């Protein structure tokens, strides 16, 4: 059973506008409304994938952490196919 943890994030007005735009974009790509939370999680998955595929994370421990986090995120994907 998935567990949830509340996470307080303080954003500037510009950063919040970015989350709103991200949500609109992911909703458009997904062809269905997604929540801001779902859109941010999709962006995290995308960022982890980019770190793995497009960059050489120099620290082997950090590289392993990125790979494990991305794999774990995908394995327990509770948000449907809301990904980028």
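Using equal-weight Cα scatterers in the Debye expression, the normalised intensity of the chain in log10 at q = 0.11, 0.17 Å⁻¹ is -0.35, -0.81. Using only Cα atoms, find the angle between the long axis of helix 60-75 and the longest principal axis of the chain, and express it within 0 to 90 degrees, rounded to the nearest 10. For 60-75 against the chain, the angle is about 50 degrees. Here the relative contact order of the chain, from alpha carbon pairs under 8 Å that lie six or more residues apart, stands at 35 percent. Label-to-label distance, residue 75 versus residue 31, with points set 7 angstrom from Cα along the beta-carbon direction: 3.1 nm.
Each label point was placed 7 Å from the Cα along the Cα-to-Cβ direction; for residue 7 and residue 50 their separation is 1.6 nm.
Each reported figure results from applying straightforward, stated rules to the coordinates on display, with no laboratory input. Since this is a predicted model, take the numbers as computed values, not measurements. Because the Cβ atoms are built from the backbone with ideal geometry, glycine has one as well, and the counts that use them run over all protein chains shown.
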